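Enquirer: The structure's right below; bear with me while I get my questions together.
The values are calculated or read from the model by the stated rules, or taken from the named source; none is laboratory data. Everything quoted here is computed from the prediction, not taken from an experiment. Cβ placement follows ideal geometry from the backbone for every residue including glycine, while neighbour counts extend to all protein chains displayed. Protein only, heavy atoms only, side chains kept; ligands, DNA and RNA dropped before computing areas. Shrake-Rupley method; radii C 1.70, N 1.55, O 1.52, S 1.80 Å.
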Amino acid sequence: MPIDTTTRTIEIECLRYDPQTDTEPHFSSYQVPFSDDMSVLEGLQYIKDQLDGSLTFRWSCRMAICGSCGQEVNGVPVLSCHTFLRDYFPHKLRIEPLNNFPIIRDLVIDQNDFLDKLESVKPYLVTKLEKPLAAGPHLQTPQQLNRYYAYSQCINCLLCYAACPQYGLNSDFTGPAALALLHRYNADSRDQGWQVRAEVINADAGVWGCTLVGYCSEVCPKAVDPAHAINQNKVNSAMDFFGVLKLMNKGGTE
Amino acid sequence: MEVIKVDIVVVGGGGAGLRAAIAAHVADPQLKVALVSKVVPMRSHTVAAEGGSAGVIRSDDSLANHFDDTVSGGDWLCDQDAVQYFVEHCTAEMVQLEHWGCPWSRKDDGSINVRFFGGMKVQRTWFAADKTGFHILHTLFQTSLKYPAIQRFDEFFVVDLVVEDGRVRGVLAIEIATGARFLLESKAVILCTGGAGRVYRQNTNAGIVTGDGMGMAYRHGVALRDMEFVQYHPTALAGSGILITEGCRGEGGILTNKHGYRYLQDYGLGPLDPWPRPKAMELGPRDRLSQAFWHEEQKGNTIGSPHGHVVHLDLRHLGAKKIHERLPLITEVAKTFAGINPVTHPIPVRPAAHYTMGGIASNRHTETSLAGLYVAGECSSVGIHGANRLGSNSLAEIVVFGKVAGERAAAYVRDVPEAGSRTIRQQAEAAEQRVLELMGGDRGERIATLRNEMGDSMEAGIGIFRSASGMQATCDKLAQLRERYHAGIRLDDHSLSFNTEWLTAIELGSMLEVAEAVAHSALQRKESRGAHVRLDDYQTRDDENFLKHSLATRNGDDPPHIGYAPVAITTSPPKTRSYGGAGQQVVLT
C-alpha cells in the first residue's frame, strides 16, 4: 500500500499545565503540517522542535514497545506513536494526559501509583526451591507457554488504567495491568507463588474491584486482555474461598 | 542540592544496569545500591531489541564456534580474552533469565529453541518470538522488584561524574519532575547508559540513546575506544528507521532488489544454492549486507520510496503461521508503520545506523582507567565486538558483563575509604551551575537545528562507506556545531518541572562530543575493516599498521587526540574473513 506523503495542515490542541506557574490547566493550539505516514507523536515532536519547545510529553522508542507515550487523543487513550494524524484530518485533535492520573506537567502523568501496584503483585517467579543454574532451563511446552504468554505482553503503558472507570472512582483498585501481570505469573508452569499473591487477588481492591466494563481490553495496544485475566481470577478467587483451588493444578482455570 | 550517600550508583536502568544492580546486591546485600535512570527502567532501549541473544546450547555447536564467529565477525579487532570469557558465560546467563521467568520460545518437547542469526555457523540465538529485548528487560525489571534494597531513582537524569584524587565519587543528577539537583555520593559508579545511535539522523534507536555516559566518561579523561565502528543494520524501515529484526532472515526471509533478484550473491555471499546455509546470503554479517545495499543503490537496482531507496525483505514463502508465531512484532510494525502485511507483501527496508561497537574503554573486568568507574553494555567497549558486532551478541553482552560490573564494583567498594566530602560538593555545585546556565539560554539557535545538522553530517561523512574528504568535512562541521552550541542555545522552556527541552540541550552537548570522537577516529583509521570501509586509498584491511584499537581522548575545545592500543590476540591470528562459499544446507528449527 503506497503511502501518500503530500503535506496538509492539521490543528493540534494540547493540554498545558506547569505547576510552577499555572493554577489550572489550559489548552494551546498549534498548526502542524503533516504527511500520511506521520504519527501523532511526530506531530508533537514537530511542535516541540519547531514551534514551542516548552510543550512537554514522554516518548522514546516510537515503535509501540516502550510504553512511554500514552495520551488521550480526543478522549480516547492511545499510544501517540501508534496513532496517525491522517485518521483525524480534517478535524482537529485534542491531546490530553492520560485520565485518572495526577498531572506532573502538560501531557506527563505521575505513574508512581502503578509502579507500587506492580510491585504489590510480586511480578516475578516464586519457587519453593531455587533451581541451580547448572541444572539448566526448565522444560516448558509451547502449550504451557501459551497459558500465560498473552499476559506477558503488557508494556505498562497505562492506557488500561486511563480507560478503567473503577480506577477512576477508587484508585486503591489494583487495576488491569497489574492484575494481568499477576495472572501471567500465576499461570506460568514454573511458578509456585499463587498463594503469596492470593491476598492481592482476594482483597476488595483486587479482582473484585472490577465491574466488568472491559474497556481496558479494548484500548490495550498489545491485546493483553486484562479483563479476561481479572475474570479468570474471580473464578479462582471464589474457588480459593471454597477451598477448591488448592486441589487443582496451580494457576486455576485458564 | 540534596546529598544522598550510597555505596554504588548504577546509571541506566536497561538490561545492563538492572543486571549490574542485581549482581551487586546479591554479592553483598549490605551494600546500598542506587539504580538511577532517566526513564523508568522498562522504558529503556533494551526493550526494542527484537531477534535474540546468543548462547551455545545445541549439541552440534561449541564455545569454539561462538568464539570464532565473534572474532571473525569482528574482523579480528576483538580482544580475544574478553571474547573467551564472554562465550563461556552467555549460556549460564540465558539460563539465569529463564529461571527468572523469561518466556523463551520453545520446541514441542519444552526445551529451548534457538534460531540462526547472521554470521553464525550453528543456530545459537535464544529468542522470545521477536520481542526478545522486551522480555529480557521486563524479566529483569520485574525480578529486581524482589530486591527492594535496590534503591531506584526513576526519571533522574545524570549530568556528570564527581571525581576526587583519581577516584570516582558519585554523580550529579537532576530529578526530572522537579528539576531539583541531587548529589549521589558513592564509592563506585557503573555506567550502563547505552549507545549513541541518535548522533545519526536515520537510526533504529529510541530517542533516549544519546551517548550520555560516553560523554561523561570522556569529559573526565577516560578514552572512547573504537568509536569509528558504527553498525548499520541492513533492514530498517525507510524514514523512521524502525528496526526489522535480523530474525526475519534467521527464519528464512530473503532480500531482493527491484528486479526480484537476490543481489547478495553478487557480493561474495553466494552462491545461491544450497540454501539456507549458515554465514551465506541473507545469513551473512550486517556490515557486508549494508555495504551490498549501498552498491545496489549505486547501480540503480533499488526501489524508490518517499524516504529514500529500499530493497525488499520478503517473508511470504514462510507462510502465515510461521510469520505470526515467530515474527508477531514485525508483522504489527510493518502493518502500522509501512502499511504492509508481510504475509502477502515484501517489506521495504534500507540500512540505518544501529549500534555503537565502540564505547568507554574497559578491560574484560569492566574496569576503566578511572578507579571506581565500571561500564557495561553498549556504552562500553569491553572488547568483544571488534570492528563489527554479530547480531545477538549485544543482548548476551548486557547480562554477562552487567553481572561482572556489579560483582566487581561490589568487591571494589569494600576497600575504598570514605571520601572527604567538601571538594566533592564543590565539584557537584560547579556541574550544577553549568547545567543551570544552559537552561537559562534565551538566545541562539534551536536544539533541533543543530541536532539535525549533526545527524545529516554524520550520515554523509561517516556512513556505510567513507572517504578522507567526506570524513574531513564531517569533522569540520562538528567543530563548527560545537562552537555554535557553546555560543548559545535558545530554550523556550525555563521551568524546573519536567523540563525535557533542557535535558535535550544537555544530551546534545554529549552527542556533539561523542560524534566528534567517532568522526576523528574514523578519519585516522587508514584502512578498511568491518564496519569502517573506505572508498579512497585504503580499501583493504591493513594488519601491519591498524590491527589496533583506536582511543579517542578529549582535548578541550580542540578535536580529540587519537591514540592506539594493542588488540589481545590469544588463539586466533588474523585470517581472511570469508562468508558464502558452497557450504552445507541446514534445517531451520
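Enquirer: Do we find a residue being farther than 30 Å from residue B:92 by Cα and part of a strand (DSSP E or B) anywhere in segment A:47-58?
Expert: No, because not a single residue in segment A:47-58 is farther than 30 Å from residue B:92 by Cα and part of a strand (DSSP E or B).
Residues are listed down the side, and each one gets a yes or a no for (1) surrounded by fewer than 24 Cβ atoms within 10 Å (Cβ to Cβ); (2) closer than 24 Å to residue B:72 by Cβ:
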{"position": "B:349", "(1), (2)": "no, no"}
{"position": "B:366", "(1), (2)": "no, no"}
{"position": "B:381", "(1), (2)": "no, yes"}
{"position": "B:407", "(1), (2)": "yes, no"}
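Enquirer: Among the residues of segment A:44-54, count how many are surrounded by fewer than 23 Cβ atoms within 10 Å (Cβ to Cβ) and more than 8 Å from every other protein chain (Cβ to nearest Cβ).
Expert: The total comes to 4.
Enquirer: Here's a follow-up. What is the number of the single condition among (1) modelled with pLDDT of 95 or more; (2) touching a Leu at 6+ places or on another chain (Cβ under 9 Å); (3) buried (at least 16 other Cβ atoms within 10 Å of the Cβ) that residue B:548 does not meet?
Expert: The failed condition is (3).
Enquirer: Tell me yes or no: at least one residue of segment A:93-110 is at the interface with chain B (Cβ under 8 Å from one of its Cβ atoms), in contact with a Lys or Arg (Cβ under 7 Å, 6 or more places away or on another chain) and not in a loop (DSSP other than H, G, I, E, B).
Expert: The answer is yes; a qualifying residue exists.
Enquirer: Could I ask something else about it? List the pairs whose first member sits in segment A:176-204 and is in the same structural domain as residue A:137 (by TED's automatic domain parsing), whose second member is open to solvent by 10 Å² or more (accessible area, probe 1.4 Å) and basic (Lys, Arg), and whose Cβ atoms are under 7 Å apart, counting only residues at least 6 apart or on separate chains?
Expert: These pairs meet every condition: A:178/A:117; A:187/A:147; A:192/A:128; A:192/A:250; A:193/A:122; A:194/A:250; A:196/A:122; A:197/A:122.
Enquirer: Here's a follow-up. Could you tell me whether residue B:1 is within 14 Å of chain A (Cβ to nearest Cβ) and closer than 29 Å to residue B:208 by Cα?
Expert: For residue B:1, the condition - within 14 Å of chain A (Cβ to nearest Cβ) and closer than 29 Å to residue B:208 by Cα - is not met.
Enquirer: So, of the residues in segment A:111-127 that are within 18 Å of the chain's Cα centre (by Cα) and of a type in the set (A, V, I, L, M), which turns out to be farthest from the other protein chains (Cβ to nearest Cβ)?
Expert: A:121
Enquirer: Mind checking which residues of segment B:298-348 are free of Cβ contacts under 8 Å to residues at least 40 places away in the same chain and over 23 Å from residue B:125 (Cα atoms)?
Expert: Residues satisfying the conditions are B:298, B:299, B:300, B:304, B:335, B:336, B:339, B:340, B:341, B:343, B:344, B:345.
Enquirer: Can you pull out every residue in segment B:183-234 that is part of a helix (DSSP H, G or I) and open to solvent by less than 10 Å² (accessible area, probe 1.4 Å)?
Expert: B:197, B:199, B:213, B:214, B:215, B:216, B:217, B:218
Residue by residue, here is whether (1) closer than 19 Å to residue B:32 by Cα; (2) open to solvent by 40 Å² or more (accessible area, probe 1.4 Å); (3) touching a residue at least 40 places away in the same chain (Cβ under 8 Å) holds:
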residue: B:375; (1), (2), (3): yes, no, yes
residue: B:385; (1), (2), (3): no, no, yes
residue: B:391; (1), (2), (3): no, no, yes
residue: B:401; (1), (2), (3): no, no, yes
residue: B:410; (1), (2), (3): yes, no, yes
residue: B:416; (1), (2), (3): yes, no, yes
residue: B:427; (1), (2), (3): no, yes, yes
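Enquirer: Among the residues of segment B:246-295, what is the count of those that are open to solvent by 10 Å² or more (accessible area, probe 1.4 Å) and among the aromatic types (Phe, Trp, Tyr)?
Expert: 4
Enquirer: Any idea how many residues of segment A:55-88 are within 9 Å of chain B (Cβ to nearest Cβ) and without any contact (Cβ under 8 Å) to a residue 12 or more places away in the chain?
Expert: Result for segment A:55-88: 1.
Enquirer: Please verify whether segment A:67-85 includes one or more residues that are modelled with pLDDT of 95 or more, farther than 28 Å from residue A:114 by Cα and not assigned by TED's automatic domain parsing to the domain that holds residue A:165.
Expert: Yes, segment A:67-85 has at least one match.
Enquirer: State which residue is surrounded by the fewest Cβ atoms within 10 Å (Cβ to Cβ) when the search covers only segment A:163-198 and only residues that are in a loop (DSSP other than H, G, I, E, B) and at the interface with chain B (Cβ under 10 Å from one of its Cβ atoms).
Expert: In this case the residue turns out to be A:189.
Enquirer: Considering each of B:472, B:480, B:433 in turn, give the residue that is in contact (Cβ under 8 Å) with a residue 40 or more places away in the chain, surrounded by fewer than 15 Cβ atoms within 10 Å (Cβ to Cβ) and on the phi < 0 side of the Ramachandran plot.
Expert: B:472
Enquirer: Would you mention how many residues in segment A:128-162 are touching a residue at least 12 places away in the same chain (Cβ under 8 Å), open to solvent by 50 Å² or more (accessible area, probe 1.4 Å) and within 8 Å of chain B (Cβ to nearest Cβ)?
Expert: 1
Enquirer: To continue, here is another question. Looking only at segment B:26-52, which residues are within 14 Å of another protein chain (Cβ to nearest Cβ) and not β-branched (Val, Ile, Thr)?
Expert: B:35, B:37, B:38, B:41, B:42, B:43, B:44, B:45, B:48, B:49, B:50, B:51 - these are the residues of segment B:26-52 that are within 14 Å of another protein chain (Cβ to nearest Cβ) and not β-branched (Val, Ile, Thr).
Enquirer: I would also like to ask the following. Consider residue B:329 carefully, then state whether it is of a type outside the set (Ser, Thr, Tyr), open to solvent by less than 10 Å² (accessible area, probe 1.4 Å), within 14 Å of chain A (Cβ to nearest Cβ) and touching a Ser or Thr at 6+ places or on another chain (Cβ under 9 Å).
Expert: Yes; evaluated as a whole, the condition is true for this residue.
Enquirer: Six or more apart or on different chains, Cβ atoms under 7 Å: show the pairs whose first residue is in segment B:276-296 and on the phi > 0 side of the Ramachandran plot and whose second is assigned to a helix (DSSP H, G or I).
Expert: Within 7 Å, the pairs are B:281/B:264; B:281/B:265.
Enquirer: Quick one: in segment A:17-43, which of the residues that are within 20 Å of residue B:494 (Cα to Cα) and within 11 Å of chain B (Cβ to nearest Cβ) is least open to solvent (accessible area, probe 1.4 Å)?
Expert: Looking at residues that are within 20 Å of residue B:494 (Cα to Cα) and within 11 Å of chain B (Cβ to nearest Cβ), I get A:18.
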